[in-house]
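Let me begin by presenting the structure, written as structure tokens, before commenting on it.
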Amino acid sequence: MDPVRRAPQPGLVWSLRGRGPQDIAVTADGERPDAVRDWEDARGHGVRVCVVDSGVEGDHPLVGRVDGSWTVEEHEGGISVRETEPGDSCGHGTACAGIIRRTAPECELYSVQVLGSGFAGTGDVLLAGLRWAVRQGFDVINLSLSTTRARFAEELRALADEAYFRRTVIVASAHNTQVESFPWRFASVVSVGSHMEDDPDLHLYNPQPPVEFFAPGQNVQVAWLGGRTIRTTGNSFATPYVTGLCARILSRHPRLTPFQLKNALYLSAANVRIGTRGAS
Amino acid sequence: MNASSSESSAETTDPLSRELVQSVVDTARALFGAAASSVFLLDRERHELVFEAVSGQGENHLVGRRFPAESGIAGWVAMSGEPMIVDDLTGSTAFDRDFAESTAYVPDALMAAPLTHGDLVLGVLEVLDPAPQSRSDLGELDLLALFARQAAVALRVVVDRRHQSAGSRSRADDRAAALRMAEDLRRLLEASQ
């Protein structure tokens, strides 16, 4: 077994620790400022968002309607995906779904459960669930999970590329600790870490990737099991905010490609100042 | 879900291992100003988490108790390999309240981090009711993950020593079996002459 590879530790990679928007100011070229955030009042109507996680509790007050639920199962014959009643083995998926609902209230929400059905081959189950979701053609997939197992990296990379060309946007959490994990490291996904600002509607672009965006992930109130709420912290909860933003943007501009969508996130980030090429 | 008590690997831990892993939970509890701290060992065959060491609430009766590893926050941490901090649990059914009540202690806040070796999760470090300033900050999540690296090394030592001990017992059993077989063969040869 290969040990987890610990990445070098530059000052700013996995999340925005001890710095604020002013520390990562970015000047962008050429776009018309008045066109950048024309989706601010969009509500995600008609955009199909899938949460690949521990499941989503149905009819939670902060989640509302779950439009479809599936679970991935391992058995002797292999791995299969079957439709199931909405439910969550832990609460983590429900928390993500609640943040997406708050950010994009009119999106369609779907769930694929890849955690909670056993330990053996968790990476295989994650891969199977993500592949299934990509091939259903969801517009946005929220993946607040990753695997540290390097043997899954190439398959995940190929799958992330497949999603990219199918116009399915995978929004993936950076790992909370500085270990290599996947698929958030791939350029074809939208990767998200946490910032430490109090503003619940602030997203930032990271000029020092691999993680590309920061969103609220500290002391976040989230939906949890039994219709309740808790407060929690971590990149897992920053990611669904960006997923919700993607849904809002796509509801206003449904033909955007993943790279255009990523550009919209970039140009609308609070730390990116829109300049005019050659004017400064 | 209720915790079950059965003969556990924790009960067969040698004194040095027991002291090592106890020092981990005692230190975690002090580090975060917590009411309690536990280390769970992941039993992959039975898909269960086992209390390996406890500091504070439950210290005297929880070691060796088991619960299904597929539910609750500790289960999610073991499955996902990610640390987690949650607060405001009092009004929530989060993290398997039945289990918490079966241990006679229901926390309001909880921190949990995976204990890993390479890309393999060995167990979970849990800190119950940490001091209020430790409950929501990303820096605390970093500290928890950092300390979990040390705790993981301790748990790995415990597991390795247990395997070595089991291996020694197994080798002694093998030698005894070989001696018995040799004796049986000798008798057989003597009888056939």
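Shielding of peptide A:174-181 by partners, expressed as the average count of other chain Cβ atoms within 10 Å per residue Cβ, is 5.
Each other residue within a Cβ distance under 12 Å of B:VAL25 adds +1 if Lys or Arg and -1 if Asp or Glu, for a net charge of -3. Less than 5 angstrom separates the built amide H of A:GLY58 from those of A:GLY87, all sequence-distant by 5 or more or on a different chain. Each Lys or Arg adds one and each Asp or Glu takes one away; over the other residues whose Cβ falls under 13 Å from the Cβ of A:VAL49, this sums to +1. Taking the DSSP beta bridges in chain A as the whole, what percent of them are antiparallel, to the nearest 5? Bridges in chain A are about 35 percent antiparallel. The convex hull of the Cα atoms of region B:4-166, projected and averaged over all directions, covers 8.5 nm². With a cut-off of 9 Å between beta carbons, the residues surrounding A:PRO216 carry a summed charge of -4, where Lys and Arg count +1 and Asp and Glu -1. Here the residues B:LEU110, B:LEU138, A:LEU202, ranked from fewest to most Cβ neighbours within 10 Å of their Cβ, fall in the order A:LEU202, B:LEU138, B:LEU110.
As a rough footprinting exposure proxy, the listed residues A:SER69, B:SER165 were ranked by other beta carbons within 10 Å of their own, and the order from fewest upward is B:SER165, A:SER69.
Sorting the Cα pairs of region A:21-274 by distance into bins of 10 Å, from 0 upward, gives 8, 34, 39, 16, 3, 0 percent per bin. Shielding value for B:140-149 is 3, the average number of Cβ atoms from other chains within 10 Å of each residue's Cβ.
Using the Cβ-Cβ distance between B:GLN150 and B:VAL106 with R0 set to 25 Å, the FRET efficiency works out to roughly 0.35.
Along the axis of the charge dipole computed for region B:4-166 (Cβ charges of +1 for Lys and Arg, -1 for Asp and Glu, origin at the Cα centre), the listed residues B:ALA74, B:VAL25, B:VAL158 are led at the positive end by B:VAL158. Going by neighbour counts of Cβ atoms within 10 Å, the residues A:LEU204, A:LEU156 line up, fewest first, as A:LEU204, A:LEU156. From most to least packed by mean Cβ count within 10 Å, the peptides A:190-198, B:72-80, B:149-157 give B:72-80, A:190-198, B:149-157.
Can you tell me, using C-alpha contacts under 8 Å and at least 6 residues apart, the relative contact order of chain A as a whole percent?
It comes to 27 percent, rounded to a whole number.
Between region A:128-203 and region B:39-61, the alpha-carbon centres lie 32 Å apart.
Enter the mean number of other protein chain beta carbons within 10 Å of the beta carbon of each residue in B:109-118, as an integer.
3
Backbone amide hydrogens, once placed in the peptide plane, bring B:LEU115 within less than 5 Å of B:LEU122, B:GLY123, B:VAL124, B:LEU125, excluding anything fewer than 5 places away on its chain.
Read the figures in this text as sums done on the coordinates, not as results from a lab. Everything numeric here is computed off the predicted structure, so don't read it as measured data. FYI the Cβ positions are ideal-geometry reconstructions off the backbone, even for glycines, and counts take in every protein chain you see.
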